[in-house]
């Protein structure tokens, strides 16, 4: 505002217009660049912990040698499961990344057909690598707020594309319902293990039902860790 | 600083202010309404009224709806409020500053339009869901930009 009195004459020079256009274009370009690098981190990037698949075919994160083992039964449509997934993500640097906790994921798709569809999609992502499974898992929970439509076939495929999966293989897997039997088998196995709601998790064999706050989970894990 | 502000006579409206000014005011107020509604639903986590489609919630709940922790609708709201302030200021300001206000309105509407274009691209090609409110805001921004270009061409013959 200080400079203004210098410009006595009314009128805008072409140079000023070009300057404004340039500044705005650069501003938007910067915003987009910052945002897309932030989104890449949110929807993938490199995970800070080891991932893999158990002999039974369940995806896990964290070292298999970890003293604490969590068997987690989850439904992608379930809100408390999403909350709990966020809690696990929040503690992952301290527990999963440091080899103290291994989380083994089991689909327990019982809420709606969309749960089953999302569970199948997650296993199609797993087919391309366990790290992809966890990225896909995170993206599904991040998109859960959109309701049933968040797990429509079109969108499940879009998530895969977003994460840079091999879309041909993924779409084939999803369209052919190749994972339907496995999702059903996981559900049956969960029921056998005594699961009747989500999230249900077994921490070193001890059954817990429902989500837990980050603080409470940290306390629980610390109390079980060998001194 | 003198605590007692003197009431000065408001200078008369400048001749360049015409029906375009009123149209821009109207569009800006509409923009405040749209962006305000989206910000409100986002901050209070309410579902977005969206006709028969679920597009609005899909877009609003996607990870793209926030930037640096702030809902993008709030950015839009701030831009519209800035435009409203500038448009009102334009009628109250001396002739030597009017050109700068016009230039700033041009800059903000250009910024808004480019940013809306990016968000619309995300809706169409990444989120694969379209939110009518967001499209409305994008169209309002385009209209404001076109009008501001017109204004600039008049200030700078």
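Summary of computed values
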| quantity | calculated |
| --- | --- |
| Test: residue in the stretch A:164-187 that is farther than 29 Å from residue A:128 by Cβ and in contact with a strand residue (DSSP E or B) (Cβ under 8 Å, 6 or more places away or on another chain) | no |
| Any hit, the stretch A:91-112, residues being under 15 Å from the mean Cα position of the chain (by Cα), surrounded by fewer than 22 Cβ atoms within 10 Å (Cβ to Cβ), at negative phi and at pLDDT 90 or above | yes |
| So residue B:124, is it more than 11 Å from every other protein chain (Cβ to nearest Cβ), at pLDDT below 85, surrounded by fewer than 17 Cβ atoms within 10 Å (Cβ to Cβ) and in a helix (DSSP H, G or I) | yes |
| Residue among A:42, A:27 that alone is surrounded by fewer than 19 Cβ atoms within 10 Å (Cβ to Cβ), modelled with pLDDT of 90 or more, within 11 Å of chain B (Cβ to nearest Cβ) and in contact with a helix residue (DSSP H, G or I) (Cβ under 8 Å, 6 or more places away or on another chain) | A:27 |
| Residue in the stretch B:89-102 that is in a helix (DSSP H, G or I), out of contact with any helix residue (DSSP H, G or I) (no Cβ under 7 Å at 6 or more places or on another chain) and more than 8 Å from every other protein chain (Cβ to nearest Cβ) present | yes |
| Qualifying residue in the stretch B:129-140 (condition: facing chain A (nearest Cβ under 9 Å), part of a loop (DSSP other than H, G, I, E, B) and touching a residue at least 60 places away in the same chain (Cβ under 8 Å)) | yes |
| Candidate set from the stretch B:54-85 (those that are outside any helix (DSSP H, G or I) and facing chain A (nearest Cβ under 9 Å)); member that is surrounded by the fewest Cβ atoms within 10 Å (Cβ to Cβ) | B:68 |
| Residues being more than 22 Å from the chain's Cα centre (by Cα) and assigned to a loop (DSSP other than H, G, I, E, B) - total across the stretch A:201-222 | 2 |
| Output for the stretch A:156-176, where each listed residue is over 15 Å from the mean Cα position of the chain (by Cα) and buried (at least 20 other Cβ atoms within 10 Å of the Cβ) | A:170, A:173, A:174 |
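The values are calculated or read from the model by the stated rules, or taken from the named source; none is laboratory data. If you're wondering where the values come from, they're calculated on a predicted model, not measured in any experiment. Using ideal geometry, Cβ is built from the backbone for each residue, glycine included, and neighbour counts are taken over all protein chains shown.
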